[in-house]
Ligand SMILES: [Zn+2]
């Protein structure tokens, strides 16, 4: 059983979640929200009946809405498991905090807050394909770069006291399967700087699709035949293949939109206006209300996405890739 905790990110309901798994006497978390979400996270753990400190924390990547509170969780003794490229940013979060402040501007102090450093002994860099077993949980790291180079999805299954796996498997997708705007069905695609890599992202989604197919076909008996996706922004999805294909389509749509405008050298303000005119009716048709649209699909979000895509194209053209030939 997994238990979703609303960490109150951006002051909105269910904008980001942390997930409690494993036995209550040895709680394990996947994701933890920002440092500013700390009180909501603690309240959520308490409401779920947890009375002891968290033993282990799995992070999909080190962006602050997923990992900003990790130092606070680690301060109570938890071990933290993360992609090798993310590990050093947990030990010394200075660069991470500065880059987040740049991207989020005024919102940083209110909704993010400074992460605490974590002692190196508590930070465990987990390589692609490695399995971590502890406290009633088996977790396999699936490197899924694209949204960020330090991104893992975690395939997780609970284990009984004798170590046997039990129940369905859960595939925690962080941001690789994008995010559902709270209260709606709309899939919003975050393409932030600095290391967005769209080609890697597409390959990661295909990799997850093949993984889900293999599990469903019974080819990976240790993981059963039943797997749900779990989105940090959106929660549990019991239609994994359908969702992964939708995520792939939405990624392609967003990239095509920005690339078309960048190729004809449109200015930033024009792109922001046109993006908003394009995305808002789509989002509203999928149930997004105006308040969520303002926060989730407003100019700050669009600017972040544009900047991510611009830098990815610049890097590609410096390397002589397709954008360079265009
Ligand atoms: Zn996120």
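Using only Cα atoms, find the angle between the long axis of helix 38-47 and the longest principal axis of the chain, and express it within 0 to 90 degrees, rounded to the nearest 10.
Approximately 40 degrees, to the nearest ten.
Output the 0 to 90 degree angle, nearest 10, between the alpha-carbon long axis of helix 268-285 and the longest principal axis computed from the alpha carbons of the chain.
Result, in degrees: 60.
Pairs of Cα atoms under 8 Å, at least six residues apart: use those to get the relative contact order of the range 71-201, whole percent.
That works out to 21 percent.
Would you order 263, 121 from fewest to most other beta-carbon atoms within 10 Å of each residue's own beta-carbon?
Ascending number of Cβ neighbours within 10 Å: 121, 263.
In terms of the Cα gyration tensor, with a ≥ b ≥ c the square roots of its eigenvalues, is the range 64-218 rounded because a/c is under 1.5, prolate because a/b exceeds b/c, or oblate?
In terms of gyration-tensor shape, oblate.
Determine the distance separating the Cα centre of the range 175-196 from the Cα centre of the range 215-247; give it in Å without decimals.
17 Å
Over all alpha-carbon pairs in the range 142-230, figure out the percentage whose distance exceeds 21 Å.
39 percent
Which percent, to the nearest 5, of DSSP beta bridges fully inside the chain are antiparallel?
Within the chain, antiparallel bridges account for around 65 percent of the total.
Helix 240-263 sits at what angle to the longest principal axis of the chain, using alpha carbons and giving 0 to 90 degrees rounded to 10?
30 degrees
In whole angstrom, how long is each semi-axis of the equivalent ellipsoid of the chain, when you take the square root of 5 times every eigenvalue of its Cα gyration tensor and sort them from largest down?
That gives 31, 22, 19 Å for the three semi-axes.
What residue among 30, 176, 103 has the largest mean-square fluctuation in a Gaussian network model of the chain, using Cα springs under 10 Å?
For the chain, modelled as a Gaussian network with Cα springs under 10 Å, the answer is 103.
Throughout, read-outs are computed from the coordinates displayed, never taken from laboratory work. These numbers were taken from a predicted model, which means no experiment stands behind them. With ideal geometry, Cβ positions are generated from the backbone for all residues, glycine too; neighbour counts draw on all protein chains shown.
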